[in-house]
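**Q** I am attaching a structure below and will ask some questions about it afterwards.
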Amino acid sequence: MEAEAPLDTVHRAKAAAGRAGAALTRWPWYLQVLSLWAAARLFSCAVLAAAARFQPAGPWWDASPSYWEFINIWDGEWYSRIFADGYPDSVPRDAAGNAVENEWAFYALFPLLVRVLDAGTGLGWNVLAPVAATAAGFAAALVIYRLFRLRAGKGTAMWAVLFVAVFPVSPILQVPYAESLNLLLLAGSLYLFVAGRYLTAIPVVALMCLSRPVGVPFALAVGLVLAVRFLRRRQVGFPARQAWRLLALAGAAGVSALAWPVIAWVSTGDLRAYTDTESAWRFGNLVPFKPWLTMTGNLFGPLFGPVVLGALLVAVALYLTSEPVRRLGLELQLWCAAYVLYLLVFLNPQTSTFRLLLPLFPLALSAAWLSRSRAYRGTVAAAFAVLQIVWVVWLWRWTELPGGGDYPP
């Protein structure tokens, strides 16, 4: 009888979980999505709070900072400066004339949003910035689900939203960064793009391009879809009215992608204000593709570095052309391909690269399609949750390196 007691407890727990799951499925879709997202954010909150508890003194606070202090660091500090003081009138430079790190690297929409909220509430950055970021993440979850439902059934779409919710870098969606706002606007842009509502997408894309630098790959993706649909017009049809609207979206996306560099130029009188500022984080001028060759060479040596990079590119290309990714549809497949190409051309690979993979969130749906097994899907979600702990402890938590500084998240 004593041996049967633990088994009885397990069976009762499983039955209770089954009843809870059945009850959840009877809720409206938006409550299901919000509940799932809330559970993921509470888990991330617990991870961040636990890491803060064991955080030694760092550049921003004393040992064991509060949760609110712990999340207002790294790029959040730059955004808070913009919120308080705006942008410099000129690009600060060192004695050699090289731009030094400054606010022009960070797009204005998120701190502007927080400033508007502060004008109405007076609650300040430390409260409003995390709240705004978290709220934008909840809104993004709803839009992402609706986007996924254009391509998949309810169950698969919900699993894919869960994968996004617990993605290893998902704690970034509740800290004072622009990622959650950008995710909302990107998901909205992609939804309207996939749904064929091209003119409606234009203002959303314009706002997206003022939140984070994703306008160039988005414009490329729209242009590629336009070209493919034009080439296939005899097989699948491509009405002139639809073609002109898609062309308008491509043009608007291209112009919007250049908006922030132009704003920086006009505001400072320096044509290279934005590009030079970005280079300040690179320790050298932007040379397309070169940073990847340099990084793989540093990690694997001059002989094996290019081999490893080539193998990685082949693996990515094979996955982006695989059946689960093709099922996403032309628009989402080409968005993912365009964004990967953008990272390859412009990104200086470092530990922040993990965070920059978040715009590839449509691949969560292709991951859910790999198997309908609950064991597989549950294992993926659990693995992502565990990797959240790794990401927070390794990169968000400050641990000074022997040479000073720390790896950025």
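The values are calculated or read from the model by the stated rules, or taken from the named source; none is laboratory data. Since the structure is predicted, the reported quantities are computational estimates derived from the model, not experimental observations. We place every Cβ from the backbone using ideal geometry, glycine too, and count neighbours over all the protein chains shown.
**Q** (1) free of Cβ contacts under 8 Å to residues at least 12 places away in the same chain; (2) part of a helix (DSSP H, G or I): which one isn't true of Val287, the others all being true?
**A** Of (1) free of Cβ contacts under 8 Å to residues at least 12 places away in the same chain; (2) part of a helix (DSSP H, G or I), only one is false for Val287: (2).
**Q** Hey, among Val255, Val216, which residue is surrounded by 18 or more Cβ atoms within 10 Å (Cβ to Cβ), closer than 22 Å to Glu179 by Cα and of a type in the set (A, V, I, L, M, F, W, C)?
**A** Matching residue, one of Val255, Val216: Val216.
**Q** Quick one: how many residues across region 320-344 are in contact (Cβ under 8 Å) with a residue 24 or more places away in the chain and in a helix (DSSP H, G or I)?
**A** The number of residues fulfilling the criteria is 15.
**Q** A further question follows. When region 72-102 is examined, which residues are found to be without any contact (Cβ under 8 Å) to a residue 60 or more places away in the chain and surrounded by 19 or more Cβ atoms within 10 Å (Cβ to Cβ)?
**A** Ile82, Phe83
**Q** Confirm whether Phe230 is among the aromatic types (Phe, Trp, Tyr) and not in a helix (DSSP H, G or I).
**A** For Phe230, the condition - among the aromatic types (Phe, Trp, Tyr) and not in a helix (DSSP H, G or I) - is not met.
**Q** Among the residues of region 362-381, write down those that are of a type in the set (S, T, N, Q) and either closer than 13 Å to Gly155 by Cα or touching a helix residue (DSSP H, G or I) at 6+ places or on another chain (Cβ under 6 Å) (or both).
**A** Listed by number, the residues that qualify are Ser366, Ser371, Ser373.
**Q** Something else: If we only count helices (runs of 4 or more DSSP H) wholly inside region 29-96, which ones have 1 or more residues that are over 22 Å from Ile172 (Cα atoms) and at pLDDT 95 or above?
**A** Of the helices (runs of 4 or more DSSP H) lying wholly inside region 29-96, those with at least 1 residues that are over 22 Å from Ile172 (Cα atoms) and at pLDDT 95 or above span 29-53, 75-85.
**Q** For region 347-360, check the following and say yes or no: at least one residue is under 16 Å from Leu220 (Cβ atoms), assigned to a helix (DSSP H, G or I) and under 23 Å from the mean Cα position of the chain (by Cα).
**A** Yes, the conditions are met somewhere in region 347-360.
**Q** Select from region 350-379 the residues that are buried (at least 17 other Cβ atoms within 10 Å of the Cβ) and either touching a Ser or Thr at 6+ places or on another chain (Cβ under 9 Å) or at positive phi (or both) and list them in ascending order.
**A** Scanning region 350-379 gives Leu358, Leu365, Ser366, Ala368, Trp369, Arg377.
**Q** Which pairs have Cβ atoms under 6 Å, sit 6 or more apart or on different chains, and link a residue in region 387-406 that is touching a residue at least 60 places away in the same chain (Cβ under 8 Å) to one that is among the small types (Gly, Ala, Ser)?
**A** Val392/Ala51; Val393/Ala51; Arg397/Ala51; Trp398/Gly58
**Q** Right, here's the next one. Within region 181-228, track down each residue that is more than 19 Å from Ala105 (Cβ to Cβ) and of a type in the set (Ser, Thr, Tyr).
**A** If the condition is that a residue be more than 19 Å from Ala105 (Cβ to Cβ) and of a type in the set (Ser, Thr, Tyr), then Ser189, Tyr191, Tyr198, Thr200 are the ones that fit.
One line per residue, one yes/no per condition, for (1) hydrophobic (A, V, I, L, M, F, W, C); (2) without any contact (Cβ under 8 Å) to a residue 24 or more places away in the chain:
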residue: Leu112; (1), (2): yes, yes
residue: Pro130; (1), (2): no, no
residue: Ala136; (1), (2): yes, no
residue: Thr156; (1), (2): no, no
residue: Leu162; (1), (2): yes, no
residue: Pro168; (1), (2): no, no
residue: Tyr177; (1), (2): no, no
residue: Leu181; (1), (2): yes, no
residue: Leu190; (1), (2): yes, no
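**Q** Please verify whether region 295-317 includes one or more residues that are closer than 30 Å to Tyr87 by Cα, in contact (Cβ under 8 Å) with a residue 24 or more places away in the chain, part of a helix (DSSP H, G or I) and of a type outside the set (Lys, Arg).
**A** There is no residue in region 295-317 that is closer than 30 Å to Tyr87 by Cα, in contact (Cβ under 8 Å) with a residue 24 or more places away in the chain, part of a helix (DSSP H, G or I) and of a type outside the set (Lys, Arg).
**Q** Pick out the one residue from Leu226, Leu186 that is free of Cβ contacts under 8 Å to residues at least 40 places away in the same chain, surrounded by 15 or more Cβ atoms within 10 Å (Cβ to Cβ) and out of contact with any strand residue (DSSP E or B) (no Cβ under 9 Å at 6 or more places or on another chain).
**A** Leu226
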